[in-house]
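The values are calculated or read from the model by the stated rules, or taken from the named source; none is laboratory data. Everything numeric here is computed off the predicted structure, so don't read it as measured data. Because the Cβ atoms are built from the backbone with ideal geometry, glycine has one as well, and the counts that use them run over all protein chains shown.
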Amino acid sequence: MESDLLHTEKILADRKVFFLDLKENARGKVVKITEDVSGNRDTIMVPAEILGDFIGALQDIQATSDGESDEDSDEGSDSE
């Protein structure tokens, strides 16, 4: 199935390179995320219709990561 590349981004992080490609094919739009480490590649596909959920989850993870330096507590880790 052939797809058209609509947009691409490249992120360099130490020895890793991340490629984020927005593509469209007969089934719709998808974001292809590829991690390249010394020629070894892993890829995931995220349907564009859930991209907002995916980005929101990453923002939540970033907020948690950023908050780790503020205090070392286990509040909420096993509760609910």
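Considering every residue within the range 64-77, establish whether at least one is under 12 Å from the mean Cα position of the chain (by Cα) and at pLDDT 95 or above.
The answer is no; no qualifying residue exists.
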Check your understanding: Which of the residues that make up the range 1-46 are of a type in the set (S, T, N, Q) and not in a loop (DSSP other than H, G, I, E, B)?
Key -> T8, N25, T34, N40, T43
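Condition first: under 18 Å from A13 (Cα atoms) and surrounded by fewer than 11 Cβ atoms within 10 Å (Cβ to Cβ). Can you find one or more residues in the range 50-60 that meet it?
If we filter the range 50-60 for residues that are under 18 Å from A13 (Cα atoms), which is where we start, we get 58.
Among the residues that remain, those that are also surrounded by fewer than 11 Cβ atoms within 10 Å (Cβ to Cβ) are: 58.
Yes, because at least one residue in the range 50-60 is under 18 Å from A13 (Cα atoms) and surrounded by fewer than 11 Cβ atoms within 10 Å (Cβ to Cβ).
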Point to revise | Residue in the range 29-43 that is nearest to S3 (Cα to Cα), counting only those that are surrounded by 11 or more Cβ atoms within 10 Å (Cβ to Cβ) and not charged (D, E, K, R) | key: V30
